[in-house]
Amino acid sequence: MEPNDVKQRLQEAVAWHNQGQLYKAESIYLSVLSADQNNFYALRFLGCLYRSLGRYEEGKLLLEKATLLKPFDKDALFNLANIYACCRQHEDAVSVFGRCLHADSMFAEAWSGLGWSLLEIGKVEDSRSALDRALILNPGLAIAWLNLANTQRRQNKMEQAISSYQKAIELKPDFAEAYLNLGCILKEE
């Protein structure tokens, strides 16, 4: 495949990907990788696609390879860290979120993900610090409010947790996880 053909095929795949036509996008990413197994963008995009499909092991392999090719690509690192977190490999997630933040210290979503993984490994104060940083950078980030509420709940700061769950819902009215957690904490109270 010629470089211009590769670029055009990747643009086509990304368009399908963005339209939710994941299997069409997958087919094109795979064809690019069959021509060039080290195509960073095909590795990264297909890894992200597999993450969205819950095919974490396949996505992890692709994103690990992509991050070897471009060790400071924040998007590849962010998606790899999220796959680790989804696989409950939070120590690995913390490490990769750290690499991601080394590449871009202003990446609010990465701070939020770091906070979640730190909470999952029992580092509650570090979690709180990471989430505070995420919300300073982007106060409209609903997932950071959810993660902060979960951290506050772990700290037995129930009123603050309720307020943070409510803020997450205010920002994202269809946020099922925030409603569920808010309902649980209200029932406990």
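The values are calculated or read from the model by the stated rules, or taken from the named source; none is laboratory data. As the structure is a prediction and not an experimental result, all values here were calculated from the model. So basically every Cβ, Gly included, is an ideal-geometry build from the backbone, and we count neighbours across all protein chains shown. With ligands, DNA and RNA removed, areas are computed over all heavy atoms of the protein, side chains included. Shrake-Rupley method; radii C 1.70, N 1.55, O 1.52, S 1.80 Å.
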Checklist outcome for this item: Checked the range 1-48 for anything within 24 Å of the chain's Cα centre (by Cα), buried (at least 20 other Cβ atoms within 10 Å of the Cβ) and hydrophobic (A, V, I, L, M, F, W, C); matches are 13, 25, 28, 42, 43, 45, 46, 48
Item to check | All positions within the range 102-112 that are part of a helix (DSSP H, G or I), within 14 Å of the chain's Cα centre (by Cα) and not acidic (Asp, Glu) | outcome: 108, 110, 111, 112
Item to check | Residues (closer than 19 Å to residue 36 by Cβ, assigned to a helix (DSSP H, G or I) and either open to solvent by less than 60 Å² (accessible area, probe 1.4 Å) or of a type in the set (A, V, I, L, M) (or both)) located in the range 65-85 | outcome: 66, 67, 68, 69, 76
Checklist entry - Looking at the range 45-56, is at least one residue modelled with pLDDT under 95 and at positive phi? => result yes
Checklist outcome for this item: Checked pairs for the range 103-123, first farther than 22 Å from residue 72 by Cβ, second assigned to a loop (DSSP other than H, G, I, E, B) and not aliphatic (A, V, I, L, M), C-beta under 9 Å and 6 or more apart or across chains, list as 120/88
Checklist entry - Does the range 153-166 hold any residues that are touching a residue at least 24 places away in the same chain (Cβ under 8 Å) and either part of a helix (DSSP H, G or I) or surrounded by 22 or more Cβ atoms within 10 Å (Cβ to Cβ) (or both), and which are they? => result 153, 154, 158, 161, 162
Item to check | Matching entry among 88, 51, 99 (being open to solvent by 40 Å² or more (accessible area, probe 1.4 Å), under 27 Å from residue 15 (Cα atoms) and either basic (Lys, Arg) or outside any helix (DSSP H, G or I) (or both)) | outcome: 51
